[in-house]
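Data first, discussion second: the structure below is written as structure tokens.
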Amino acid sequence: MSDAAPPPQKTTQDNRALIILLSVVFINIAGFGVVIPLLPFYASSFGAPAWQVIILFSAYSLGNFFAEPLWGKLSDRIGRRPVLMLTIFGNALTYVLLAFAPDLWIAMLIRFGGGILTGNISTIQGYLADVTPPEKRAGRMGFIAAAFSLGFVTGPVLGGLLAHPDQGTAGFRLPLLIAAGLALTAGIGVTLFVRETRHVHKDAPRRARFEGLTDALAHPVIRRVLVVSLIAMAGFAGMEATFGLWAKHQFSWGPREISFCFLAIGVTAALAQSLLTGWMARRIGEAATLMCGLCLIALGFGFQPLVGQNWMIAVLGMIVVALGQSLAFPNIVAIISKSAPHDRQGEMLGLNTAAGALARIFGPLVAAPLFTGIGPSAPFAVAAGLCLPALFMAWRVSKAVRRSA
């Protein structure tokens, strides 16, 4: 009986839910992607030095760090749909507020609030885990990651084309309002089309505030995967926060050129996550695919300090990084999802996203002095180096997965 195929109606409903969720993710992340490459230039319109640009990046991640476990745990209890609605509509509001922020410190506060209100990635991943059998989760997490990547393709291009840095802060209002409109559209999509998938949450026992973290750190697989996520994301976040400043220094690029670089990265990631991630996970396993991804990330970051004035090699290096991420990060999520109890998917995935948010706080804070004190390419070298301990820990994850199996 346990091997029986699911009813056709149930399969159709789950496939429809997947398509709707992918559409919502794409629209929401497209709005988010509008903002990311503009932030260094947005901060510069207030006359901000490089260290304040880094704080503007980190403020959002700090909000995410506090919010992700909360929203993930709450979605396990009250359902995925209401949490998605609240966070996505909150996202739209923060873009509007950011468009009319009177000074940089208010903008930082808005970004912090936006990080709290939009900490919903674990809820989306939990929704997908609810409707996906364990053996298919790596592939479907890859689909979610592909929707993210396509959003980052569309968003930065829109932001780069619509922004006018020569007009000061007013030159960024149109792309920020476009981002708000996209988030609003995603919220309406959730309201109208996304059904609830959690039906037993009201009977779930209430747990102590830090019980989830304690249980995750005691789990032989989950704790190691969280360390991998923390280390790998810290290097990437440091590079991400300084990439616009680095490209401006290295190639005299502005928002438009950076947006087209993001286009190449996003197309690569979307294709890899759709076609390659699930296939490799089924062939060699999630842990081995994770290690392959980390090797490619290290290789791509290692290119960057050597590019000189050759922007094509720089873009190639970032494409290799995007390919590595496409293999690594969906499989981190899949490993945690398969290792966590069914009624605690959102909570455990929220801890993973919180680890990523913590990395996006400290990564940029370390990258800023590296950029200004050692050299513009130093964050790339450090990011490549951080992949080595992450790779060692991923190897430990593979051993723990085999033991638990």
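The values are calculated or read from the model by the stated rules, or taken from the named source; none is laboratory data. All figures in this text were calculated on a predicted structure; none of them were measured in a lab. Heads up, the Cβs are rebuilt from the backbone with ideal geometry, glycines too, and the neighbour counts pull from every protein chain shown. SASA here: full protein model, heavy atoms, side chains in, ligands and nucleic acids out. Shrake-Rupley method; radii C 1.70, N 1.55, O 1.52, S 1.80 Å.
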task = Tell me what the chain gives for mean residue ellipticity at 222 nm when only DSSP H runs of n ≥ 4 count, each as -39,500 (n - 2.57), the sum divided by the residue total, rounded to 500 deg cm²/dmol.
result = -27000 deg cm²/dmol
request  = Note the full-extension length gain between PHE66 and ARG403 as 0.36 nm times their separation in residues minus their Cα-Cα distance, in nm to one decimal.
outcome  = 118.1 nm
note = Rg (one decimal) and Dmax (whole number) from the Cα set of segment 279-323, in Å, equal 12.8, 41
key: Simple label model, 7 Å out from Cα along Cβ direction - LEU109 to LEU271, nm   = 4.6 nm
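How much of the accessible area of the chain, probe 1.4 Å, is carbon plus sulfur, in whole percent?
70 percent
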request  = May I have the extent of the alpha carbons of segment 262-389 along their three principal axes, as whole Å values ordered from largest to smallest?
outcome  = 50, 30, 26
LEU39, LEU275, LEU351, reordered so the largest accessible area comes first (probe 1.4 Å) = LEU275, LEU351, LEU39
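Could you give the dipole magnitude of the chain about its Cα centre, charging the beta-carbon of Lys and Arg +1 and that of Asp and Glu -1, in debye to the nearest 20?
That gives the chain a dipole magnitude of about 880 debye.
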task = Describe numerically, in nm with one decimal, the distance between label points set 7 Å from Cα along Cα→Cβ at ILE188 and at ARG283.
result = 4.3 nm
query = In what order, largest first, do TRP71, TRP395 sit by accessible area if the probe radius is 1.4 Å?
reply = TRP395, TRP71
note = Among GLY350, ALA241, LEU176, the residue whose Cα sits farthest towards the positive end of the charge dipole of the chain (+1 at Cβ of Lys and Arg, -1 at Cβ of Asp and Glu, taken about the Cα centre) is GLY350
ask   = Which shape class applies to segment 346-405: rounded if a/c is under 1.5, otherwise prolate when a/b exceeds b/c and oblate if not, where a ≥ b ≥ c are the square roots of the Cα gyration tensor eigenvalues?
value = oblate
note = With the convex hull built on the alpha-carbon atoms of the chain, volume per residue in Å³ sits at 126 Å³
ask   = Going from most exposed to least, what order do ARG140, ARG282, ARG223 have by accessible area with a 1.4 Å probe?
value = ARG282, ARG223, ARG140
query = For LEU117, what accessible area in Å² do you get when you roll a 1.4 Å probe over the heavy atoms of the protein chains, rounding to the nearest 10?
reply = 50 Å²
query = In Å², what does the accessible area per residue of segment 213-372 work out to with a 1.4 Å probe?
reply = 36 Å²
Value of relative contact order over segment 297-336, rounded to a whole percent, pairs C-alpha under 8 Å and six or more apart = 44 percent
note = Amide H proximity to TRP253 below 5 Å, modelled H, separation 5+ or other chain, gives LYS248
Relative contact order (%) - criterion: Cα under 8 Å, at least six apart; region: the chain = 28 percent
request  = If a/c stays under 1.5 just call it rounded; otherwise compare a/b with b/c (prolate if a/b is bigger, oblate if not). Do that for segment 18-73, with a ≥ b ≥ c from the square roots of the Cα gyration tensor eigenvalues.
outcome  = oblate
Solvent-accessible surface (1.4 angstrom probe) belonging to CYS292, in square angstrom, nearest 10 = 50 Å²
ask   = Roughly how much of PHE143 is accessible, in Å² to the nearest 10, using a 1.4 Å probe?
value = 80 Å²
request  = Kindly identify segment 27-118 as rounded, prolate or oblate by the Cα gyration tensor criterion: order the square roots of the eigenvalues as a ≥ b ≥ c, call it rounded if a/c is under 1.5, otherwise compare a/b with b/c, prolate if a/b is larger, else oblate.
outcome  = prolate
query = How many angstrom lie between the C-alpha centres of segment 285-306 and segment 84-102?
reply = 35 Å
key: Number of Lys pairs (Cα under 29 Å; 8 or more positions apart or on different chains) in the chain   = 13
task = Sort 324-335, 154-165, 227-238 for me by packing, meaning the mean count of neighbouring Cβ atoms within 10 Å per residue, highest on top.
result = 324-335, 227-238, 154-165
ask   = How far is the Cα center of segment 314-350 from the Cα center of segment 369-405, in Å?
value = 15 Å
